[in-house]
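Single-structure report; data block below.
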Amino acid sequence: MDQIRIGKFIAEMRKEKGLTQRQLADILLISDKTVSKWECGKGLPEVSLMLPLCETLGINVNELLSGEQLSAVEYQEKAEDNIMRLINEREENKKKMILSGVTVGVTIMATVTLFLVSGLTVLPNAARIALIVIGLLVMIGGLGVAAVLEWDAGGFVCPHCKEYFVPTMKAYLMGAHTITRRHLKCPACGKKSYCIRSLGKK
């Protein structure tokens with residue numbers, strides 16, 4: 001999805017309806033910062049907000065995701081294109097999550113093997129130290145690659161305001177987590193909570 005194009009379209013349609021960002025936000029029961037973020041191309045509306053937003057702006061979801069008003073002829077073609085883009089995005093993010101898990105598994109096995117060899121085999125001290133250092137480097141590198149893959153696979157949804165967002169790498173790495181949730185600060189409402197992972201913007 002072209003977030004910048006969609007953001008400009010939201011701003012254009014909002015102004016056409018004579019609404020300020022604050023007025024649109026009040027109608028949707030969200031903050032004006034969230035509307036501003038959309039219009040700046042820094043995020044897309046959560047799926048639960050798309051229909052109310054479209055109704056308010058007098059457009060349909062297909063036009064929203066296309067970032068333009070569509071004629072009857074263009075509608076079907078754009079609908080199929082938007083659906084395929086959403087499906088492809090989710091599939092790519094699933095692959096990244098799987099690859100991240102595989103990377104963690106391989107990293108753990110390689111690190112444990114190197115540590116066992118260094119501890120259980122008769123080796124000169126220099127070789128033993130070298131194996132331990134290599135093991136540590138493999139562990140740090142592997143976990144780093146896995147973290148980047150996982151961070152890049154979609155984003156999170158705030159349980160309070162339902163805003164979809166992608167955290168900074170620092171916030172992501174520092175946040176406590178479970179398998180599907182991570183403790184993060186929502187950029188829209190400012191609340192810290194266990195946000196739900198989402199592999200796509202819906």
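Explain nothing, just compute: Karplus ³J(HN,Hα) = 6.51 cos²θ - 1.76 cosθ + 1.60, θ = phi - 60°, for every residue of the range 23-40 in order, whole Hz, x for Gly and Pro.
Calculated HN-Hα couplings, in order: 5, 5, 4, 5, 5, 8, 6, 10, 8, 5, 5, 5, 4, 4, 5, 4, 5, 8 Hz.
On alpha-carbon atoms, Rg over Rh for the range 92-151 using Kirkwood Rh?
Dividing the radius of gyration by the Kirkwood radius yields 1.14.
Are any of the pairs 15/42; 37/191; 15/96; 42/162 more than 27 Å apart by Cα-Cα distance, and if so, which?
In this structure, 15/96 exceed 27 Å between Cα atoms.
Under the √(5λ) rule applied to the eigenvalues of the Cα gyration tensor, what semi-axes describe the equivalent ellipsoid of the range 3-70? Give them in Å, descending.
Ellipsoid semi-axes (Å, largest first): 15, 13, 12.
Among 122, 58, 153, whose Cα projects farthest towards the positive end of the dipole of the range 7-164, with charges put on the beta-carbon of Lys, Arg (+1) and Asp, Glu (-1)?
Sorting the options by dipole projection puts first 122.
Give me 194, 172, 164 sorted ascending by neighbouring Cβ count inside 10 Å, so fewest comes first.
194, 172, 164
Test of understanding: ordering 195, 186, 161 by Cβ neighbours within 10 Å, fewest first, what list do you get? The partial results should precede the final answer.
Working: 195 26, 186 23, 161 18.
Starting with the residue having the fewest Cβ neighbours, the order is 161, 186, 195.
Any chance you could run the full-extension gain for residue 85 through residue 113? It's 0.36 nm times the residue separation minus the Cα-Cα distance, nm to one decimal.
Gain on extension, residue 85 to residue 113, equals 5.9 nm.
Laboratory data are not the source of any read-out in this text; all were calculated from the coordinates shown. As the structure is a computational prediction, the values presented were derived from the model and not from experiment. Here Cβ is always computed from backbone atoms with ideal geometry, including for glycine, and neighbour counts include all displayed protein chains.
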